[in-house]
Amino acid sequence: MKKILEVKNLEVSFDTYAGEVQAVRDVSFDLYEGETLAIVGESGSGKSVTAKSLIRLNPEPPARYKAGEILLHGENILDKKEKEMQKIRGSKIGMIFQDPMTSLNPTMTVGKQIIEALMKHQKVAKSEARKVALEMLRMVQIPNPEKRFDEYPHQFSGGMRQRVMIAIALVCNPQILIADEPTTALDVTIQAQILDLMKNLQEKIKTSIILITHDLGVVAHSAQRIIVMYGGKIVESGTTDQIFYKSRHPYTWGLLNSVPRLDIHKEDGRLDSIEGTPPDLFAPPQGCPFADRCEYAMEICRKKMPPQFETGENHHSACWLNHEFAPKVENPTQIAKKLQKEEVQMREQ
Ligand code: ADP
Ligand code: MG
């Protein structure tokens, strides 16, 4: 598969009166054509700052890109002027956020907003633009699109508004769609519908999607690959199967144990949330950011940031437990145990 985006050793800080917030620390990843890559992690782990960096949407200042590169087709986004970024936003990279109400214009009809997004980047006649906009409303499966075209955002439900946002984000056919917590504000059924819609659209138009969420349950059926972030760093990355069944990082185990909808929790039905709080990004720990909350933490964990250990094909886990001299610790999550049980049963048959 072809690489379309490469993030290399990205460092983003915010200069505030209280000091420097080191929000993103040495983050590297690739995005391939037509895939869905999920970025997961608790609130404050640096997901949104990372995503916004890709289209330079963090306000500068206070944001400062300290180091690294973001290569889109080989060109560094961090070298671009604001004018060039305006061309890239919407046409090459589209973005949708958690709350469509704040990104939609309440005083303009939905149809007009889609047309405006289109005309910003493409020269099309008005009648043609209307046709395209209607086609977009149909594509995101908004019932009765001719009538809905002339309605205002407040006349739409939360789920329908998010569909409109998707239509706006996709109208110029971007190669990359960034979806930052796109379903967090929606109830579970609507959430599933929006995820299904995104998946179907992707199969049709082959856009690459970066799906950001704090909830691992959301990505199980949507993403091919997952990046787990914590304390501004990538702590684990791999295929969806590797992260769900073969994770080699205690933070990911904690996330998996706190997913309500996965049918993997303890026999007594209890969910475990991860105890403790994320690290202070004004003064990030020199060792592993998760060490203070980790029940397996060893002496070295507090002293030295673990490297990205290769824990499988294209599977990397930044945890000292993967060192050859570390004590052997099994993945303790119910979902991993379930898989192990099934594998044993298969072998015995
Ligand atoms: P996530 O999306 O994973 O919940 P964010 O990427 O939004 O987390 O935030 C990462 C860190 O950066 C947090 O500590 C947050 O407080 C900080 N941060 C984000 N935006 C700003 C800003 N404009 N000024 C100062 N700090 C910020
Ligand atoms: Mg966020």
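The values are calculated or read from the model by the stated rules, or taken from the named source; none is laboratory data. Computed from a prediction, not measured in an experiment: that's the story for all the values here. Backbone-built Cβ (ideal geometry, glycine too); neighbour counts: all protein chains shown. To get the accessible areas, we keep the full protein, side chains included, count just its heavy atoms, and leave off ligands, DNA and RNA. Shrake-Rupley method; radii C 1.70, N 1.55, O 1.52, S 1.80 Å.
I'd like the Karplus ³J(HN,Hα) series for region 198-211: coefficients 6.51, -1.76, 1.60, θ = phi - 60°, whole numbers in Hz, and an x wherever there's a Gly or Pro.
Each residue's phi maps through the Karplus curve to give 4, 5, 4, 4, 4, 4, 6, 9, 6, 5, 7, 10, 9, 9 Hz.
Would you kindly derive the ³J(HN,Hα) couplings of region 232-245 from the backbone phi angles with the Karplus curve 6.51 cos²θ - 1.76 cosθ + 1.60 (θ = phi - 60°), listing them in order in whole Hz, with x for Gly and Pro?
Taking θ as phi minus 60°, the curve returns x, 10, 7, 9, 7, 8, x, 6, 4, 4, 4, 5, 6, 10 Hz for region 232-245.
Of the candidates ASN76, ASN314, ASN257, which one comes out as most mobile in a Gaussian network treatment of the chain with C-alpha springs shorter than 10 Å?
Most flexible of the set in this elastic network: ASN314.
Size of the dipole of region 14-98 about the Cα centre, Lys and Arg at +1 and Asp and Glu at -1 on the beta carbon, nothing else charged, in debye to 20? Don't skip to the answer; put the middle values down first.
On the way: 12 positive and 13 negative charges, 70 e Å.
Using Cβ point charges on Lys, Arg, Asp and Glu, region 14-98 gives about 340 debye.
Express the relative contact order of the chain as a whole percentage, based on alpha carbon pairs under 8 Å and six or more residues apart in sequence.
Values: 630 pairs, mean separation 65.6, N = 349.
The normalised contact order for the chain reaches 19 percent.
With unit charges on the beta carbons (Lys and Arg positive, Asp and Glu negative) and the dipole taken about the Cα centre of region 65-215, which residue among ALA133, GLN202, ALA192 sits farthest to the positive side?
ALA133
If you place +1 on the Cβ of every Lys and Arg, -1 on the Cβ of every Asp and Glu, and leave all else neutral, what size is the dipole of the chain about its Cα centre, to the nearest 20 Debye?
Working: 45 positive and 46 negative charges, 243 e Å.
Roughly 1160 debye, rounded to the nearest 20.
When Lys and Arg each count +1 and Asp and Glu each count -1, what net charge do the other residues less than 9 Å away from ASN105, Cβ to Cβ, add up to? Could you put the intermediate results ahead of the total?
Details: positive: LYS112; negative: GLU116.
Net local charge, ASN105 excluded: 0.
Keeping all protein chains in place and using 1.4 angstrom, which order do HIS249, HIS121, HIS214 fall into by accessible surface area, from largest down?
On the way: HIS249 0, HIS121 55, HIS214 90 Å².
Correct descending sequence by accessible area is HIS214, HIS121, HIS249.
How large, in percent, is the carbon and sulfur part of the accessible surface of region 1-90 at a probe radius of 1.4 Å? Each step should come with its number before you reach the end.
On the way: 2060 of 4230 Å².
The value for region 1-90 is 49 percent carbon and sulfur by accessible area.
Could you go through region 47-59 in sequence order and give the Karplus-derived ³J(HN,Hα) for each residue, using 6.51 cos²θ - 1.76 cosθ + 1.60 with θ = phi - 60°, rounded to whole Hz, and x for Gly and Pro?
5, 5, 4, 4, 5, 5, 4, 4, 10, 6, 9, 6, x
Could you tell me how many degrees, from 0 to 90 and to the nearest 10, lie between the Cα long axis of helix 82-91 and the main elongation axis, the longest principal axis, of the Cα atoms of the chain?
90
Placing +1 on the Cβ of each Lys and Arg and -1 on the Cβ of each Asp and Glu in the chain, which of PHE325, VAL228, MET119 has its Cα farthest towards the positive end of the resulting dipole?
Selected residue: MET119.
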